[in-house]
Amino acid sequence: MTLQNRRILINKTVMVLSTAAAIGGIIFLFWILAVLLFKGFAALNFDIFMYDMAPPGREPSGLRNALVGQLMLVVGASAIGVPAGVLAGTYLSEYGGKKSRLARFIRDISDIMMSTPSIVIGAFVYAVLVAPFGHFSGWAGIAALAIMMIPIVLRTTDDMLQLVPGSLREAAIALGAPKYKVIIQVVYRGAKTGMLTGILLSIARIAGETAPLLFTSFSNNFYSTDLNQPIASLTVTMYNYATSPYEEWIDQGWAAALILALFVLGANIIGRIIIRKREGEH
Amino acid sequence: MNRTMDILFHNITRFFALFVLIVLIALFFVLFSEAKPAIDAFGLQFVTNSKWAPNMDIFGGYPAIYGSIVSTVIAMIIATPVAVGIAIFLSELAPPWLAATVGMAIELLAAIPSIIYGMWGLFYLAPLLRDIWGGNGLGLATAGVVLSIMILPFMAAITRDAMKTTPSILKESAYGMGATRWEVLKDVVIPYVKSGIIGSIILALGRAIGETMAVTFVMGNAHKIPNSIFKPATSIPVTLANEFTEADTDLYYSSLFYLALILLIISFTVIAIAKFWFLRNLQEQKI
C-alpha cells in the first residue's frame, strides 16, 4: 500500500468512527427523549392538573399539589436568587472590573459553586434550616435552590454587563450622572436582553433539581401552600413515584417528568430565540 | 443625596458579591462541624473502612467512595471517546445545517433534568442490561452507562466549542499542504485545543461524581464492595439520598455528613483543577 493510500484509509476510518459515535450517541439520546414523550403523553390528562396526589388505586388522582409546590419553590428561589445574583454580578463588573483580585476570586468561587454537587447543598441546608427547627419546610427548599441559583445569575450578569461598551458609561458620567444611576439606567438597559436570557436559563436549571429538595422541602401528599411546612414538588414526587411498586404512580411519574421537561426545554428554547434575535439586530 | 445613594449601592452590591464567598465558607464549616463526631470516632480510617453497619454504629465510607469513583471512571471511559467523536463530527464533518441542528439538539438535551435520565435508566436500560449481563441489572456498570449518557451532551457541546476556537488560518494552511482531515485534526486542531478538551472532560467528571438523581435508581444500594461491576453497590450521593432521612443515631447522621464533606472536597478539587489548570486561557465556557 502506498503511503498516500494509507493516509487516505486512516483518514476515512477516523471519519467513519466519529460519524458512528455521533450517530450512536444521538440514538441513545433520542431514545430517552422518545420514552419521555411517549410515556409522558400517555399518562397526561386533565386530572393531573385538577386533583391532588392520592394513594394508589384511589380515583381521581393528580399532581396538582406537586405542581403548585414546585411553582412556589421555583418562584421563591428566583425571588431571592435573581436579585442577589444580579447585584453580586454588578459589583464584579462595575466596581471590581477585570483587574481586581477580589472580583477575580469571587468569579472563580462562583464557577466552583456552580458545579458543587447539589446533594451536598441539600445536606448543608438541612443542617442549617431543617435540623434546628425540627421539621422540613418549603423555605429550606427555597434556600437550597437559591444557593444554587446565585452563582449562575452572578456569572451571566457579570459577563453581560462587561459587554456594554465603556463609552456608554463614560457618556453618562460626563453628563454628571452618579455611578449608581449610570449602572441602573444605562448599563442595565444595555445588557437587558442578555441578562433576561441568563435569568431564564438559570430558572430552568434549578427547576429540574431534585437532590437539594429531598431533605429540605421533602414532600407532602396534601395540598399546601404553607412554606413553613413540607411541600410537594414535581421532582421529589417523580423520585418517590418512580421507586414505588404501583403502576399508576409510575405512570404519573412520567407525566410529571414530561411537564418538567417541557418547562425546562421551553425556557431554553425561548432563551435561544431571544439571543438569536438580538444577534440578528446587530 | 446622590453621594449617599452611590455609597449605599456600592456596598449593597459588594455585600452580595461577598455573600457567595460566605456561603462557600459556611458550606465547608457546617459540613465539617456536623461531621465532627464521626471524624473523632473513625478518623481517617473512615475512608478505608468498608463496613457500614448502622445497627452496630459502625460506619466506613469506603464502599460509597469506591462506588463513586468506579461509576464515574466507567462513565468517563464510555463518554469521552463518543463525545470527542461527536465534537469532531459537528465541527469538521457535518454540513453546516446538520451541525447546527444536531448541535442545538445536544445543547437542549444537556438541559434535561438528570432525574429523567435516572428514570429511563431504571425502566429501560436496567432491564436491557439485565438480559445482557445477568444479575438484576443494577450496579456500578449500569450507573456508569446512565452517567455517561447524561454527561454526553454537556461534554460534546463544550468539546465542540473548544475545537471551534482553532483559528481557521491554521487549519487552512495544513489543508494547503495536502494534509487529510485526520491529519489536520491530529496535528493542528487537537494540539491547539488540547488543554481545553482535557479541561472539559475533567469538568464533566466533576459533574458526574456528584450526580445523584441519575444513579440512585440504578445503583442497587448495597453497602459493600461488589466483586463485580454488575453487582449492586452504592456511591456517596446515593447513600446520602437514601439514608439521610433514616439516620436515627447521632453517629449515623454525622457519618453521612462526613461522606458529604468528602464528596465536597473531591468535587472542589476536581473542578479547581479543571478551571485553573486547563481552562485558564480558554474563553469562559457557558454552562
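Can you find a residue that is under 24 Å from the mean Cα position of the chain (by Cα), among the hydroxyl-bearing types (Ser, Thr, Tyr), surrounded by fewer than 24 Cβ atoms within 10 Å (Cβ to Cβ) and away from chain B (no Cβ under 12 Å) anywhere in region A:214-225?
Within region A:214-225, the subset under 24 Å from the mean Cα position of the chain (by Cα) is A:214-220, A:224-225.
From what is left, the residues that are among the hydroxyl-bearing types (Ser, Thr, Tyr) are A:216-217, A:219, A:224-225.
Next, only the ones that are surrounded by fewer than 24 Cβ atoms within 10 Å (Cβ to Cβ) stay: A:219, A:224-225.
From what is left, the residues that are away from chain B (no Cβ under 12 Å) are A:224-225.
Within region A:214-225, one or more residues are under 24 Å from the mean Cα position of the chain (by Cα), among the hydroxyl-bearing types (Ser, Thr, Tyr), surrounded by fewer than 24 Cβ atoms within 10 Å (Cβ to Cβ) and away from chain B (no Cβ under 12 Å).
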Legend entry - Among (1) crowded, with 24+ Cβ neighbours inside 10 Å; (2) of a type outside the set (S, T, N, Q); (3) over 16 Å from A:Gly122 (Cα atoms) - the single one B:Ala179 does not satisfy: (1)
Inset, instruction - Would you check if B:Ile115 is touching a residue at least 40 places away in the same chain (Cβ under 8 Å), closer than 30 Å to A:Ile273 by Cβ and either β-branched (Val, Ile, Thr) or in contact with a Pro (Cβ under 6 Å, 6 or more places away or on another chain) (or both)? - result: yes
Inset, instruction - Have a look at A:Val264, A:Val236 and point out the one that is farther than 17 Å from A:Leu37 by Cα, within 17 Å of the chain's Cα centre (by Cα) and either buried (at least 20 other Cβ atoms within 10 Å of the Cβ) or more than 7 Å from chain B (Cβ to nearest Cβ) (or both). - result: A:Val236
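Of A:Phe133, A:Phe124, which residue is without any contact (Cβ under 8 Å) to a residue 24 or more places away in the chain, under 23 Å from A:Gly208 (Cα atoms), in the same structural domain as A:Asn228 (by TED's automatic domain parsing) and not hydroxyl-bearing (Ser, Thr, Tyr)?
Details: A:Phe133 fails: under 23 Å from A:Gly208 (Cα atoms).
Criteria check complete, one pass: A:Phe124.
Could you grab me the full set of residues in region B:118-140 that are facing chain A (nearest Cβ under 8 Å) and without any contact (Cβ under 8 Å) to a residue 12 or more places away in the chain? Lay out the reasoning, then the answer.
Taking region B:118-140 first, the residues facing chain A (nearest Cβ under 8 Å) are B:118-120, B:122-124.
B:Phe123, B:Tyr124, listed by residue number.
Quick one: in region B:223-238, which of the residues that are among the small types (Gly, Ala, Ser) and crowded, with 17+ Cβ neighbours inside 10 Å is farthest from the chain's Cα centre (by Cα)? Talk me through it step by step, then tell me what you get.
Of the residues in region B:223-238, the ones among the small types (Gly, Ala, Ser) are B:228, B:233, B:235.
Filter once more, keeping what is crowded, with 17+ Cβ neighbours inside 10 Å: B:233, B:235.
Details: B:Ala233: 18, B:Ser235: 13 Å.
So, considering only residues that are among the small types (Gly, Ala, Ser) and crowded, with 17+ Cβ neighbours inside 10 Å, the one farthest from the chain's Cα centre (by Cα) is B:Ala233.
Would it be correct to say that B:Phe154 is assigned to a helix (DSSP H, G or I), out of contact with any Leu (no Cβ under 6 Å at 6 or more places or on another chain) and surrounded by 21 or more Cβ atoms within 10 Å (Cβ to Cβ)?
Details: assigned to a helix (DSSP H, G or I): yes; out of contact with any Leu (no Cβ under 6 Å at 6 or more places or on another chain): yes; surrounded by 21 or more Cβ atoms within 10 Å (Cβ to Cβ): yes.
Against the criterion (assigned to a helix (DSSP H, G or I), out of contact with any Leu (no Cβ under 6 Å at 6 or more places or on another chain) and surrounded by 21 or more Cβ atoms within 10 Å (Cβ to Cβ)), B:Phe154 qualifies.
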Legend entry - Qualifying residue in region B:208-222 (condition: modelled with pLDDT under 90, more than 15 Å from the chain's Cα centre (by Cα), away from chain A (no Cβ under 11 Å) and assigned to a loop (DSSP other than H, G, I, E, B)): yes
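Could you go through region A:227-245 and let me know if any residue there is farther than 24 Å from A:Val125 by Cβ and not in a helix (DSSP H, G or I).
Within region A:227-245, one or more residues are farther than 24 Å from A:Val125 by Cβ and not in a helix (DSSP H, G or I).
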Inset, instruction - Might you let me know whether region A:45-60 holds any residue that is within 14 Å of another protein chain (Cβ to nearest Cβ), farther than 30 Å from B:Val184 by Cα and at pLDDT below 90? - result: no
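Go through the residues of region B:178-196 one by one and say whether even a single one is small (Gly, Ala, Ser) and out of contact with any helix residue (DSSP H, G or I) (no Cβ under 9 Å at 6 or more places or on another chain). Give the steps one after another, and end with the answer.
Within region B:178-196, the first condition is being small (Gly, Ala, Ser), and the residues that meet it are B:178-179, B:195-196.
Next cut, out of contact with any helix residue (DSSP H, G or I) (no Cβ under 9 Å at 6 or more places or on another chain) only: B:178.
Checked region B:178-196: at least one residue is small (Gly, Ala, Ser) and out of contact with any helix residue (DSSP H, G or I) (no Cβ under 9 Å at 6 or more places or on another chain).
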Inset, instruction - Go through the residues of region A:23-31 one by one and say whether even a single one is over 26 Å from the mean Cα position of the chain (by Cα) and without any contact (Cβ under 8 Å) to a residue 60 or more places away in the chain. - result: yes
Legend entry - Given (1) surrounded by fewer than 19 Cβ atoms within 10 Å (Cβ to Cβ); (2) within 16 Å of the chain's Cα centre (by Cα), index of the condition B:Ala75 fails: (1)
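I'm checking my understanding of the structure. Among residues of region A:90-101 that are more than 8 Å from chain B (Cβ to nearest Cβ) and part of a helix (DSSP H, G or I), which one is surrounded by the most Cβ atoms within 10 Å (Cβ to Cβ)? So that I can check it myself, show each step before the final result.
Let us first name the residues in region A:90-101 that are more than 8 Å from chain B (Cβ to nearest Cβ), namely A:93, A:97-101.
Now restrict to residues that are part of a helix (DSSP H, G or I): A:93, A:101.
Values: A:Ser93: 24, A:Arg101: 8.
Residue satisfying both the conditions and the ranking: A:Ser93.
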Inset, instruction - Kindly list the number of the only condition in (1) more than 9 Å from every other protein chain (Cβ to nearest Cβ); (2) surrounded by 18 or more Cβ atoms within 10 Å (Cβ to Cβ); (3) out of contact with any Leu (no Cβ under 9 Å at 6 or more places or on another chain); (4) over 18 Å from A:Pro56 (Cβ atoms) that fails for A:Ile259. - result: (3)
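Answer yes or no: is there a residue in region B:162-182 that is within 30 Å of A:Leu37 (Cβ to Cβ) and more than 9 Å from chain A (Cβ to nearest Cβ). Can you show your working first?
In the first step, residues of region B:162-182 are kept if they are within 30 Å of A:Leu37 (Cβ to Cβ); the result is none.
No, there is no match, as no residue in region B:162-182 is within 30 Å of A:Leu37 (Cβ to Cβ) and more than 9 Å from chain A (Cβ to nearest Cβ).
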Legend entry - Within region B:1-49, considering residues that are of a type in the set (Ser, Thr, Tyr) and over 24 Å from the mean Cα position of the chain (by Cα), the one surrounded by the most Cβ atoms within 10 Å (Cβ to Cβ): B:Thr13
Inset, instruction - List every residue pair whose Cβ atoms sit under 8 Å apart, with the two residues 6 or more apart in sequence or on different chains, where the first one lies in region A:49-72 and is in a loop (DSSP other than H, G, I, E, B) and the second, anywhere, is of a type in the set (Val, Ile, Thr). - result: A:Met53/A:Thr237; A:Gly62/A:Ile48; A:Leu63/A:Ile48; A:Leu63/A:Thr237; A:Leu63/A:Ile259
Legend entry - Criterion: within 30 Å of A:Asp52 (Cα to Cα), within 7 Å of chain B (Cβ to nearest Cβ) and in contact (Cβ under 8 Å) with a residue 12 or more places away in the chain - qualifying residue of A:Ile106, A:Ile119: A:Ile119
Legend entry - B:Lys275 of a type outside the set (Phe, Trp, Tyr), surrounded by fewer than 19 Cβ atoms within 10 Å (Cβ to Cβ) and modelled with pLDDT under 90: no
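The values are calculated or read from the model by the stated rules, or taken from the named source; none is laboratory data. Bear in mind that the values here come from a model prediction, so they are computed numbers and not experimental data. FYI the Cβ positions are ideal-geometry reconstructions off the backbone, even for glycines, and counts take in every protein chain you see.
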